[in-house]
Amino acid sequence: MNIYVGNLSYNVTEDELQQLFAEYGSVVNVSIIKDKYTGQSKGFGFVEMEKQAEAEEAIKCLNGNSVNGRNIQVNQARPRNERSKPRSRSW
């Protein structure tokens, strides 16, 4: 199951997230989304866990917890919506 983790401190590392979620089960992958030009964290990321039950427990226990001084938002990741065409303006 893929989990969205938001409101991250900009200095949280992927290793720290991996350790945090590993307390609830097997972590398959961790990625913090970064600005492609500066490499600076955008303040959110994704954690993929092997078992759904473990992921649900992690979401329940970690959502709203303080990590590096910020209350993180943790929930099931939703698929990215297809980007729609820009609306034409009628001037």
Q: Starting from the Cα-Cα distance between residue 40 and residue 2, subtract it from 0.36 nm times their residue separation and give me the gain in nm to one decimal.
A: 11.4 nm
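Which whole number in µm²/s is D for segment 8-81 by Stokes-Einstein, with the Kirkwood Rh taken over Cα pairs at 10 °C and 1.306 mPa s?
124
We did not get these values from a lab; they are worked out from the coordinates using the rules stated. What you see is a predicted model, and the numbers here were worked out from it, not measured in a lab.
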